[in-house]
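Nothing in this text is a laboratory measurement; each read-out follows from the coordinates by a stated rule. A quick note: this is a predicted structure, and the numbers were derived from the prediction, not measured. Here the Cβ is made from the backbone with ideal geometry for all residues, glycine too, and neighbour counts use every protein chain on show.
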Amino acid sequence: MEDTKDRLGQRLQEREKAEEDRFFAEKEREALARLRQAQGPDATKAALGHCPRCGSTLDAIKLYGVDVLQCPADCGHWLDKGEIEVIAKREQDSWLGRVFYRPKLEE
């Protein structure tokens, strides 16, 4: 009998937690919708070409034969789609090459 009470209490706590999670998820969705509405439809287009850390306009440079975007404030370098594959093909013996071009295991 005591075991049943413990399970019921645990289930009630789990349900309460789930309802709380749902409540906060809905609040986050509403906040994101308000933010998107305030920024306008071109906000994501404006973010392209800007540093995700500091917001500076990224400079296109060629680094070791690969086109990359570099932050002028030294926040880092960013690769576009396909550039990581170019590096991986050239560096097949490195860890990056092994991630992209690991041999398929025979079953």
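Cβ crowding within 10 Å, taken as a proxy for footprinting-reagent exposure, orders R22, R98 from fewest neighbours to most as R22, R98. Taking other C-beta atoms within 10 angstrom as a stand-in for reagent exposure, L69, L12, L63 fall in the order L12, L63, L69, fewest first. Here the Karplus relation 6.51 cos²θ - 1.76 cosθ + 1.60, evaluated at θ = phi - 60°, turns the backbone of the stretch 61-78 into coupling constants of 9, 9, 10, 6, x, 10, 6, 10, 9, 10, 7, x, 8, 6, 7, x, 10, 10 Hz, with x for every Gly and Pro. Close amide H pairs (under 5 Å, H built 1.01 Å from N) link H50 with L58, residues at least 5 positions away or on another chain. For the stretch 17-26, the Karplus equation 6.51 cos²θ - 1.76 cosθ + 1.60, evaluated at θ = phi - 60°, returns couplings of 5, 5, 5, 5, 4, 4, 4, 6, 5, 5 Hz by residue, with Gly and Pro reported as x. Legend: ranking of residues I84, I61 from fewest to most surrounding C-beta atoms inside 10 Å; resulting order I61, I84.
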